[in-house]
Every structure is written in C-alpha cells, then in structure tokens.
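What follows is a short report on a single structure.
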Amino acid sequence: MIPIRKFVVLIMSLSVFMVSCSPSGKNKTGHEYMPDMAHAIAYEANVYGSSSHNTWDKESSRSRRALSVPGKPVNGTVPRGYSGAMSNGEIDQSKIDMIRGKNQLNAQATTVNGHVGFYYADNEDERLRAIAEIKANPFPITKKGLEIGKELYTINCAICHGDAGDGAGYLVRDANPATGDPGGKYPAAPANFMLDDLINSSNGRYYFSLIYGKNVMGGYADKLSFEERWQVIHYIRSLQAASKTLIYNEKMNTLNAEFGVPLKMKNQLASVSVK
C-alpha cells in the first residue's frame, strides 16, 4: 500500500506534468518548457493594442502598436527589381531574365518590382536639377505603353488635368445653376500640359512632380510604379504632339527627339549596331 504522503506527491507531480504539457489551440499557445527557444512570439497583424504578454519583463517591454507598425527600410536599401535591370538608362533584357530566373535551371525567379531609386531631395533646387538632368524616357514609345499610359492618366490625372491635358478637369468645372451643379472645388488651377512652357520642359519636370507632387497636388510615388510613371509621361507627350499636329507613337516622334525613342526606331538602331 502506498503511503498517503507519497500518493499526494505522485498526484501533484502528475498534475504539474499534465499542465506543463497542455496542448495549444486557436489563440492559446499551450505550455511547454522554454517556449522562446522554439517559437517566436506571435503578434496579431494590424492590431495596435498593447499587451504585457509580448514581453518578458518591464524593462524590455514595448507597446504592441510600436511592434505592429511597419518599419522603414534601412537607408540605401533598394529592392531587387528594375534597379538591377537598368543599364545606362536602358532596360537590359538579359538582367531581367536573370532576375526572373530564366537563364539558370535551378534559379529562383524574383518578381520584378516597380522600385527604382530617386536621388533628388524634395526642394526647389533639387527640382531644377532634376529638370536639367533627367532627359530621356528609359522606355521606348510603344502602342501598348501608350494604352497603359492613357488608362493610368485617366484614373489618376484626368480628374484635375482634364482628358485632353488642358487643365480643365472635372474638379475645375464651372458651376451650372440650371442643374444645381456647384462646380469644381479645386483651389488652384492644375497645370495645362498644352502650354508651350510645359511642352518644351524636360521629362524631369514631370517625373519630379510624380514623385513629390507640386503645389496642392500630392505625390504618386506610392501609387504608380517606375514604369507606370514613365508610360504616363509618354501619354502626356502624345497629347501634346496631337495638339501641335505632330506625331508621337511607336513609329515616329516629331514632337521632340529627347522626349522618347519610338520602338521602331530603337529596333532599327539596334540592328545597325549589331551589323
């Protein structure tokens, strides 16, 4: 017969053992020996409440809000993408193939992202420097690119700058008492791309504004990718060419050779250089 003292000790030991090995489920992590050695402390995504269970002691405690908010990348960090596919301002297809894993049997393909570094600060001096230095559009003028540019322009730009790029968008419309339309609420007239000043401006003026915005216009760096920004600029140039009865398409650019190279001309130059 087991003495009562030993029996109590045995029962307590079994109880402790069972509790210490309780299984996990749903939001319960269960119990295990030294859990931090095997499992990372989980955080609920998009939850800004604070919880003492996320830390081991008061000295190291941080609010869940601070732990949940996405951190900024390290200065100088460039995601793998178009930055690695550029060569002297031109798209290098061989580098894109490498990024996508097409040139190696065991390569892991990486999605080409829309990020390319922009090394100009948001001030007037840097804006003027960008205007002076950024000339060529790195993408050739193509039919598909102009179609993409038109769609993006219609979605993001036309409401202010107008479908024709003349600055007469929906937000600057006149009031119409007959219909009760109070008119546009735009506090300042948007840029009219059909003015000679803007037609003759370099691509850098447009690209800088897309990155940082201008006056009451906000920046579009987080809304349009690197290629999308340039396709929008191509489309604006095509509108300007049409207003001057000039040509700006994949076959010919009679607006200004600096603004973009037609795909047909680019292919012709490539074939000549190969020979």
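The values are calculated or read from the model by the stated rules, or taken from the named source; none is laboratory data. Owing to the predicted nature of the structure, the values given are computational and were not obtained by experimental measurement. In this analysis, Cβ positions are derived from the backbone assuming ideal geometry, glycine residues included, and neighbour counts consider all displayed protein chains.
When the stretch 218-234 is filtered for residues that are modelled with pLDDT of 90 or more and within 16 Å of residue 135 (Cα to Cα), the ones remaining, listed by number, are 229, 230, 231, 232, 233, 234.
Just checking, which of 209, 202 is free of Cβ contacts under 8 Å to residues at least 24 places away in the same chain, crowded, with 16+ Cβ neighbours inside 10 Å and among the hydroxyl-bearing types (Ser, Thr, Tyr)? Step by step, each of 209, 202 is checked, and only 209 is free of Cβ contacts under 8 Å to residues at least 24 places away in the same chain, crowded, with 16+ Cβ neighbours inside 10 Å and among the hydroxyl-bearing types (Ser, Thr, Tyr). Considered as a group, the residues in the stretch 218-234 that are among the aliphatic types (A, V, I, L, M) and buried (at least 19 other Cβ atoms within 10 Å of the Cβ) include one that is farthest from the chain's Cα centre (by Cα), and that residue is 233.
Residues that are more than 30 Å from the chain's Cα centre (by Cα), of a type in the set (S, T, N, Q) and at pLDDT below 95 within the stretch 241-275 comprise 268, 271, 273, listed in sequence order. Candidates 211, 247, 233: the one that is touching a Leu at 6+ places or on another chain (Cβ under 9 Å) and more than 17 Å from residue 162 (Cα to Cα) is 247.
Within the stretch 214-235, does at least one residue satisfy the condition of being in contact with a strand residue (DSSP E or B) (Cβ under 7 Å, 6 or more places away or on another chain), closer than 24 Å to residue 116 by Cβ and not in a loop (DSSP other than H, G, I, E, B)? Yes, the conditions are met somewhere in the stretch 214-235. In this structure, residue 153 does not satisfy being surrounded by fewer than 16 Cβ atoms within 10 Å (Cβ to Cβ), modelled with pLDDT of 70 or more and within 22 Å of the chain's Cα centre (by Cα).
Applying the condition of being in a loop (DSSP other than H, G, I, E, B) and among the aliphatic types (A, V, I, L, M) to the stretch 186-199 and asking which residue is surrounded by the fewest Cβ atoms within 10 Å (Cβ to Cβ) yields 188. Of all residues in the stretch 119-135, those satisfying the criterion of being surrounded by 17 or more Cβ atoms within 10 Å (Cβ to Cβ) and either part of a loop (DSSP other than H, G, I, E, B) or aliphatic (A, V, I, L, M) (or both) are 120, 130, 131, 134. Here residue 115 clears all of (1) more than 18 Å from residue 222 (Cβ to Cβ); (2) touching a Gly at 6+ places or on another chain (Cβ under 6 Å); (3) part of a loop (DSSP other than H, G, I, E, B) except the condition numbered (1).
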